[in-house]
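Comments concern the structure below.
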Amino acid sequence: MTIGPARVLVVDDEPSLRQMLRVMLSRAGHEVIDAIDVASARSAIAHASPAFDLVITDLVMPGGSGLDVIRAAREHSAETQVLMVTAHASVETAVEAMRLGAYGYVEKPLDLATARAQVDKALEKRLLIRDNEHLRAVTRSMRSGPNDALLVGRSAALEQAIDLVRRAAPSKVNVLITGESGTGKEVFARMLHNASERSRKPLVVINCGAIPETLLESELFGHEKGVFTGATSRREGLIREADGGTLFLDEIGELPIALQVKLLRVLQERKVRGIGASHEVAVDVRIVAATNKNLEAEVKAGKFRQDLYYRLNVLRLHLPPLRERSEDIPLLAEHFRARFAAEHNRPMTSFSAEATAALVSHPFPGNVRELENAVERAVALSAGLRIELRDLPPEIAGQPASNDLEAVLPDEGLHIEQYLENIERSLLLQALTRSRGVRTKAAALVGLSFRSFRYRLTKLGLAKDDDLAQDD
């Protein structure tokens with residue numbers, strides 16, 4: 001762990017010891033402030049902004065004890081680490097110092113090697129605390145961001161996944177995220193990136209199953225100008241674009257074998273060669289891959305390279321399907337109800353008990369994405385202030401599907417154009433979900449030409465979803 005410059009307060013009534021510690025700490029790049037007694041130490045601590053990372057204090061001083069300094073430091077900042085320097089060490093004093101929050105002791109006469117080691121360990125602990133604070137803040141921000149729905153819930157399975165992200169984010173190891181479609185693999189990949197030291201560099205996302213093999217190699221590795229028909233300019237490729245950051249390879253199980261070999265070399269050598277390039281270029285990229293396939297089975301079937309699998313599967317993050325965290329379904333449904341009611345200007349207030357029970361008992365093969373579509377449909381179709389069982393899709397409500405849509409006019413009336421627009425939006429989104437974002441297939445599902453489908457997406461403000469697969 002790399003320890004950066006720290007702010008250190010040295011408290012001792014002996015000028016020679018203060019000078020010795022100042023020289024040692026300054027040479028290590030730390031900012032040092034002196035205090036000669038308990039009163040001046042308390043003043044320095046009270047006015048420190050930000051708080052000191054480390055306080056090194058003598059035990060016996062005029063006007064008070066080093067234990068008083070520990071109390072003042074911990075009251076001002078619970079994260080400040082404290083080392084006690086004393087020639088009067090005893091079991092009783094050590095127990096009291098530790099109880100008050102001291103990290104440890106350095107005994108007189110001072111041995112510089114021992115002191116440096118203790119300082120480094122104390123600052124490592126402070127750095128770990130700071131990193132954990134950052135990770136918790138990132139988790140909170142993810143829960144309230146644009147993709148927060150996938151992190152709504154209190155189930156043990158969800159919390160375990162989030163906790164693994166907290167612990168894995170600071171490392172540089174590659175991560176393989178597994179789970180069914182709709183469980184939020186890209187959301188967790190973004191969470192990993194945002195919580196890491198690479199967060200100031202790019203997160204580059206590519207769907208390996210949505211781009212034809214002939215284009216995928218160029219997208220990933222780049223190419224030189226004129227190396228093939230259509231290569232009118234040089235392209236660096238997404239791997240180089242992610243240099244210093246994270247490359248998220250979604251649907252990694254769809255990566256062709258030939259490109260698996262090239263990717264493996266990038267992981268082994270940390271170098272990339274574009275199509276037609278004469279030399280390799282060094283890259284520093286963390287790979288986060290995701291799949292809804294069983295890669296072990298793919299390896300046995302000869303469809304996925306075993307050596308690449310081991311390179312990617314350094315750390316695995318498995319996201320549970322919604323049916324394994326059914327206690328989260330009412331919370332998620334309420335989250336979506338509030339969101340879509342606001343978006344569509346519908347005064348929906350709650351779910352009926354029957355509707356909630358149906359949602360909880362449904363297996364949701366499409367996971368959170370399916371639940372989201374179901375709730376949006378219910379908000380669009382509901383005739384009252386509460387979502388009833390009849391408002392849910394037939395496969396969830398346990399009712400046979402009907403070709404005739406029975407619309408109910410609410411007592412307060414409705415705006416028919418807005419009502420029909422909500423239904424159209426819901427159907428188009430369901431078609432996109434069922435076709436996994438391939439818009440030509442989605443258009444066929446709702447009986448439209450591709451051009452008409454694209455026009456309706458644009459009209460409804462849905463065409464901006466460029467993260468969906470490319471048209472094909």
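The values are calculated or read from the model by the stated rules, or taken from the named source; none is laboratory data. Worth saying up front: this structure is predicted, and the values here are computed from it rather than measured. Backbone-built Cβ (ideal geometry, glycine too); neighbour counts: all protein chains shown.
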Matching option when the condition is part of a loop (DSSP other than H, G, I, E, B) and assigned by TED's automatic domain parsing to the domain that holds Lys125, among Ala51, Ala44, Ala73: Ala51
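Of Glu251, Glu280, Glu298, which residue is acidic (Asp, Glu) and surrounded by 19 or more Cβ atoms within 10 Å (Cβ to Cβ)?
Unique residue meeting the criteria: Glu251.
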Qualifying residue in segment 20-37 (condition: in contact with a Pro (Cβ under 6 Å, 6 or more places away or on another chain) and at positive phi): yes
Members of segment 206-224 found to be more than 16 Å from Arg273 (Cα to Cα), outside any loop (DSSP other than H, G, I, E, B) and out of contact with any helix residue (DSSP H, G or I) (no Cβ under 7 Å at 6 or more places or on another chain), listed by number: Asn207, Glu213, Thr214
Failed condition for Ala72, given (1) at pLDDT 90 or above; (2) within 30 Å of Glu197 (Cα to Cα): (2)
Residue pairs meeting the criteria (Cβ under 7 Å; at least 6 apart or on separate chains; first touching a residue at least 60 places away in the same chain (Cβ under 8 Å), in segment 225-237; second polar (S, T, N, Q) and not in a loop (DSSP other than H, G, I, E, B)): none
Close pairs from segment 426-440: first within 17 Å of Lys459 (Cα to Cα), partner of a type in the set (Phe, Trp, Tyr) and surrounded by 18 or more Cβ atoms within 10 Å (Cβ to Cβ), Cβ under 7 Å, at least 6 apart: Arg439/Phe453
Of the criteria (1) at pLDDT below 85; (2) assigned by TED's automatic domain parsing to the domain that holds Gly253; (3) buried (at least 20 other Cβ atoms within 10 Å of the Cβ), which one Met142 fails: (2)
Cβ-Cβ under 6 Å pairs, at least 6 apart or on other chains, segment 334-359 side of a type outside the set (A, V, I, L, M, F, W, C), far side surrounded by fewer than 19 Cβ atoms within 10 Å (Cβ to Cβ) and part of a helix (DSSP H, G or I): Thr356/Pro330
Segment 339-398: number of residues that are in contact with a helix residue (DSSP H, G or I) (Cβ under 7 Å, 6 or more places away or on another chain), assigned to a loop (DSSP other than H, G, I, E, B), surrounded by 15 or more Cβ atoms within 10 Å (Cβ to Cβ) and not polar (S, T, N, Q): 9
Whichever residue in segment 221-232 is under 35 Å from the mean Cα position of the chain (by Cα) and not acidic (Asp, Glu) and, among such residues, is modelled with the lowest pLDDT: His223
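Residues are listed down the side, and each one gets a yes or a no for (1) buried (at least 21 other Cβ atoms within 10 Å of the Cβ); (2) touching a residue at least 60 places away in the same chain (Cβ under 8 Å); (3) touching a His at 6+ places or on another chain (Cβ under 9 Å):
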| site | (1), (2), (3) |
| --- | --- |
| Ile36 | no, no, no |
| Pro50 | no, no, no |
| Thr57 | yes, no, no |
| Val60 | no, no, yes |
| Gly66 | yes, no, no |
Restricting segment 1-34 to residues that are loosely packed, with under 13 Cβ neighbours inside 10 Å and touching a Leu at 6+ places or on another chain (Cβ under 9 Å), the residue that is nearest to Arg71 (Cα to Cα): Gly4
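Evaluate the following for Gly244: is it loosely packed, with under 15 Cβ neighbours inside 10 Å, within 19 Å of the chain's Cα centre (by Cα) and part of a loop (DSSP other than H, G, I, E, B)?
Values: loosely packed, with under 15 Cβ neighbours inside 10 Å: yes; within 19 Å of the chain's Cα centre (by Cα): yes; part of a loop (DSSP other than H, G, I, E, B): yes.
So Gly244 passes the test.
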Test: residue in segment 243-252 that is in contact with a strand residue (DSSP E or B) (Cβ under 8 Å, 6 or more places away or on another chain) and among the hydroxyl-bearing types (Ser, Thr, Tyr): yes
Residue list for segment 34-61, filter: within 37 Å of the chain's Cα centre (by Cα) and hydroxyl-bearing (Ser, Thr, Tyr): Ser49
